[in-house]
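Inspection log for the structure reproduced underneath, given as structure tokens.
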Amino acid sequence: MNESNSLFASHDHVFLGAGHEKNERKTWAVIVLCSVMMLIEIVGGSLFGSLALVADGLHMSTHASAMLIAALAYSYARKHASDRRFVFGTGKLGDLAGFTSAVVLAMIAMLIAYEAIGRFLAPVPIHFREAIPIAVVGLLVNIASAWLLSGDDHHGHSHGHGEHAEHDREEESKQIDTSLGMLALSIFEDGVPPVFRVRPANGNALPPAELVTVITDRPDGSRQAFRFSQRLGYLESIDAIPEPHAFKALVTVPGGEHSVDFDDHDHDDHGHGLDARDHNIRAAYIHVIADAAVSVLAIIGLTLARIFGWLWLDPLAGIAGALVIANWSYGLVRDTGAILLDISPTDTIDKKVRKAVETAGDQLLDLHVWRLGPGHFGAVVAVATDVAHRSPAFYHTIFRSFKGLSHITVEVHQHARA
């Protein structure tokens, strides 16, 4: 006998990133900036007879067009987020736009390289008085664009060191009032099985380990008691905490008993293991940064060529810029292509689901996890159990606490005990 159903059967399928509308506004702002600059350069070049200025204005139009891909993807995904024709929502439209932008970047890299090779073989005269100021203006526009697009969606994460980094790897502390003052109860699992830790808050005294106990009360009715041992500056539970970390904790400390609730917030990765990146804004950001890099190389090449007469430096700078753009394009194609092909970018949820099933004493038969949108994942789970009347709802109660798991289908196969 088997039964299956889907978590939150009546819920919507809106799997957009947390900063979707904010990033949409940023992208439209860059389009306005590029369009204004484009008009100024084309009109100015036409009035003053500068072909180079007109050419850079036309280049700026391609820049605005690339941004338009990202902006339209944001707008379309938002407007059709609840359209049931999209079986799993419109969260992947940003990845599709990012993939398209990456392909455009690759084509731009090839065109720059082709033009640079042509200039190596047949050098052309360079109008330094016009070319250098235009390259500087282009750099300034790209810096402004990068500033408008800046945010946490496409930058690396900083990593702390020492004691502060250790505190960052703990789940948000639960404050407990004792006769000795306030204590902080948290879950720690960096390189070790997850354990409870108790620390004194605000310089208060730490109670003896034998006077502190924690009993977890889970949604399925199971309970587990934890004893503590003394560590340098804190107490640590002797036994590890089974997954998932969603339960009510009954804490006994000097001065009485307290009840606190824990939710599974993926404290082991703090978002690093869950792919919440917005590849659409990332693609737009890479485009302006790539253009800025080319502008910097062009300024250096043109300046040195003007001072020393080394005309070959200009095409050499072009080839260097093409290689930089190609490298960034490859990374973007790799990441967005994997998402479009439903390659799971993380095993964080897989491990949590597997641990939860095994902790319940059941067997995991099949598991598929894929990304639905920035920070949103879907899963199909098949479980074999010999516990009578254990339905998919049992696992839904457990899985709904996993951060990032936004849509799940569970199939339970009942096996009779031998």
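The values are calculated or read from the model by the stated rules, or taken from the named source; none is laboratory data. Since the model is a prediction, treat every value here as computed from it, not as a measurement. Quick reminder, even Gly has a Cβ in these numbers, built from the backbone with ideal geometry, and neighbours come from all protein chains shown. For the accessible areas, the whole protein counts, side chains as well, though only heavy atoms, and no ligand, DNA or RNA atoms are used. Shrake-Rupley method; radii C 1.70, N 1.55, O 1.52, S 1.80 Å.
Couplings 3J(HN,Hα) of the stretch 375-386, computed from phi: x, 10, 10, x, 8, 10, 10, 10, 10, 10, 9, 10 Hz, in residue order, whole Hz [Karplus 6.51 cos²θ - 1.76 cosθ + 1.60, θ = phi - 60°; x for Gly and Pro]. Within the accessible surface of the stretch 312-418, defined with a 1.4 Å probe on protein heavy atoms only, the carbon and sulfur portion equals 57 percent. Between amide H atoms placed 1.01 Å from N, distances below 5 Å from Lys403 occur with Asp266, all of them 5 or more places distant or on a separate chain. In this structure the amide hydrogen of Leu372, modeled in the peptide plane, comes within under 5 Å of the amide hydrogens of Phe377, Gly378, none closer than 5 places in sequence on its chain.
Amide H contacts of Met182 (H built 1.01 Å from N, in plane; Pro and chain starts excluded): Ala201 sit under 5 Å, all sequence-distant by 5 or more or on other chains. Counting only protein heavy atoms and a 1.4 Å probe, the stretch 315-418 has 44 square angstrom of accessible area per residue.
Rounded to the nearest 20, the Cβ-based charge dipole of the stretch 290-418 about its Cα centre (Lys and Arg +1, Asp and Glu -1) stands at 320 debye. Exceeding 30 Å between C-alpha atoms, which entries from my cross-link table qualify? They are Lys26/Lys403; Lys26/Lys248; Lys79/Lys355; Lys22/Lys174; Lys79/Lys248. In this structure, Lys26/Lys248; Lys79/Lys355; Lys22/Lys174; Lys79/Lys248 lie more than 30 Å apart at Cα.
Along the axis of the charge dipole computed for the stretch 310-361 (Cβ charges of +1 for Lys and Arg, -1 for Asp and Glu, origin at the Cα centre), the listed residues Ala322, Ala356, Ala338 are led at the positive end by Ala356.
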